Each structure stands twice: as C-alpha cells, then as structure tokens.
Amino acid sequence: MSELQLRKQIIATALRMNGLGINRGKSGNVSARWKAGFLVTPSGLAYEKMRPSDIVFVDAAGRATGRREPSSEWRFHHDIYRARPESMAIVHTHSSFATTLACLRMDIPAFHYMISVAGGNTLRCAPYATFGTQALSDGALAALDGRKACLLANHGAIAIGADLESALALAVEVEALCEQYWRALQIGKPVLLSDAEMEIVLEKFKTYGTAVQGHGQPRRTRQPLKGMKR
Ligand SMILES: [Zn+2]
C-alpha cells in the first residue's frame with residue numbers, strides 16, 4: 001500500500017467511526033504504522049474536512065512532519081507502536097458507553113464471553129491522567145498489557161489491531177460490550193463467567209484467529225504478524 005492510500009484509509013476509518021456512532025465531533029483519533037513511525041489524524045479538524053495531506057507523520061523519535069499538528073493524543077499512539085510490534089493501527093474513541101463505564105474507573109469483568117476479544121478475561125481501565133500526557137500513555141500501555149483494547153478513566157477507549165479495519169471493529173465491539181454491561185447493571189447483578197470458562201474461550205479465540213467476530217460461522221484465520229506476541 002502506498003502512503004497516499006494509507007492516508008486515505010485513515011480518513012475513511014475516521015469517517016466510519018462517525019457513521020458507526022462511536023465518535024461525535026473531533027474527540028477520537030486514528031493512526032496506522034508507517035515506516036519507522038506512524039500516520040495520525042491531526043488535531044482539531046473535523047473528519048469531513050480532512051484531506052490526505054492533513055494526516056501527520058510522526059517519526060520514531062516523536063517528531064511530527066506535516067502541515068498540521070498531530071492529534072493531542074499522539075503520545076500514546078507513539079508508545080503503543082514502540083512497545084507492541086504486532087500493532088499496525090490504533091483507534092481511539094470517546095464512545096458513549098465505553099466512556100460512561102470509564103468514568104466509574106472500573107475494569108469490565110467477564111460478563112460476556114466476547115470480553116476475550118480484547119485478549120483477556122477483563123477489559124482493563126487505565127488510571128486517570130490528563131490527556132496528551134506521558135502519564136496517560138504509561139497507564140494505557142499498562143492496561144493494554146496482554147490486551148488489544150482498554151478503557152481510559154474519565155476519558156474513553158483505545159483499540160489496537162493488525163490493520164485499520166480490525167482496530168475499528170474492535171472499537172465497535174468494545175462499545176457494544178460496554179453498552180451490554182451497562183444495560184445488565186440496570187436490572188441486576190450480571191453473572192460472571194468463571195476464569196476456567198474464559199480460559200476455554202481465550203483458547204478458542206487463539207485457534208480461530210484474531211478477527212473480531214461472534215459465534216455462528218468459522219473465523220477467517222489471520223496469520224500472526226512477525227514478532228506478534230501471543
Ligand atoms: Zn481522547
């Protein structure tokens with residue numbers, strides 16, 4: 001894929017976040033690994049107005065190149081690409097249900113087997129830190145340890161993927177799970193799946209690949225990328 005194609009894909013992914021209802025206004029951001037750094041949506045520009053030349057390149061040292069400033073959240077994108085070689089794309093949202101639960105600063109437990117789509121038996125919530133800070137990035141990386149998604153306290157959610165499509169699909173899944181958990185909490189105390197059951201589910205997810213999908217049909221197995229941690 002050319003750099004121009006990737007820049008267009010980033011904009012298309014950002015626009016799809018709006019269409020899918022997981023973003024409103026300019027709050028989220030999208031990035032994809034490119035060469036030794038990454039391409040990221042700029043700060044403070046509506047996705048509808050975004051052109052490929054507005055996408056900002058940030059190099060391995062964290063230096064931005066482009067006619068605009070990178071998203072104020074560029075730092076955690078930078079740190080995730082450095083720490084997680086398997087991550088090729090990142091979608092960050094302030095989607096409503098994920099953010100609602102993140103405001104309670106709670107990990108989402110295994111109330112549904114699909115929690116394992118993020119790679120574990122909980123969806124962790126990173127501690128609160130001011131947006132754009134190193135502290136926020138450090139907390140996010142810790143919450144993402146062994147996981148492909150996390151919540152950010154009083155802020156939103158992060159989803160990472162092997163490409164833009166899978167990062168976006170995971171962000172949608174996280175929002176759906178948070179909505180379901182929130183709804184279940186309205187009428188009772190959700191019954192949690194045991195660690196033993198979640199082990200089985202996690203093993204099945206490994207066997208079937210990493211694509212985000214519910215039950216019902218066989219998964220398209222994805223080949224792990226080089227250096228991908230399992
Ligand atoms: Zn944010």
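The values are calculated or read from the model by the stated rules, or taken from the named source; none is laboratory data. Computed from a prediction, not measured in an experiment: that's the story for all the values here. FYI the Cβ positions are ideal-geometry reconstructions off the backbone, even for glycines, and counts take in every protein chain you see. Side chains are part of the model used for accessible areas, which takes the heavy atoms of the whole protein and leaves out ligands, DNA and RNA. Shrake-Rupley method; radii C 1.70, N 1.55, O 1.52, S 1.80 Å.
When the Cα positions of ALA143, TRP34, CYS103 are compared along the charge dipole of the chain, TRP34 comes out farthest toward the positive end, with charges on each C-beta of Lys, Arg, Asp and Glu. Calculated mean residue ellipticity, 222 nm, the chain: -11500 deg cm²/dmol, from DSSP H runs (n ≥ 4) at -39500 (n - 2.57) each, averaged per residue and rounded to 500. Each of THR207, SER72, ILE11 was placed along the dipole of the chain (beta-carbon charges, centred on the mean Cα), and the one lying farthest toward the positive end is ILE11. Summing Cβ point charges (Lys, Arg +1; Asp, Glu -1) relative to the Cα centre of the chain gives a dipole of roughly 540 debye. Under 15 Å from a label point set 7 Å out along the Cα-to-Cβ vector of LEU15, the amide N atoms of the range 40-81 belong to 46-55. The residues neighbouring GLN134, those whose beta-carbon lies less than 10 Å from its own, together hold a net charge of -1 under the Lys/Arg +1, Asp/Glu -1 convention.
Taking all protein chains together and rolling a 1.4 Å probe, HIS112 ends up with roughly 60 Å² accessible.
Pairs of Cα atoms nearer than 8 Å and 6+ residues apart set the relative contact order; for the chain it is 19 percent.
Our estimate of slack between LYS8 and ALA60, defined as 0.36 nm per intervening residue step minus the Cα-Cα distance, is 16.6 nm. The modelled label-to-label distance for the pair LEU192/ARG68, using points 7 Å beyond Cα in the direction of Cβ, is 4.1 nm.
Sequence-distant contacts, meaning Cα pairs under 8 Å at least 6 residues apart, place the relative contact order of the range 142-194 at 19 percent.
Each Lys and Arg adds +1 at its Cβ and each Asp and Glu adds -1 at its Cβ; summed about the Cα centre, the range 1-102 shows a dipole of about 180 debye. What does the charge count near ASN23 come to, summing +1 for each Lys or Arg and -1 for each Asp or Glu among other residues with Cβ under 14 Å from its Cβ? Taking every Cβ under 14 Å from that of ASN23, the sum is 0. Once the 1.4 Å probe is applied to the protein heavy atoms, the chain comes out at 49 Å² accessible per residue.
Springs between Cα atoms under 10 Å define the GNM used for the chain, and in it the highest mean-square fluctuation of ALA129, ALA171, ALA153 occurs at ALA129.
Among the protein heavy atoms of the chain, carbon and sulfur supply 54% of the accessible surface, probe 1.4 Å, non-protein parts ignored. Distance from the alpha carbon centroid of the range 91-157 to that of the range 52-76 works out to 23 angstrom.
For the set LYS26/LYS148; LYS26/LYS189; LYS26/LYS204, the pairs lying more than 31 angstrom apart at their alpha carbons are LYS26/LYS189; LYS26/LYS204.
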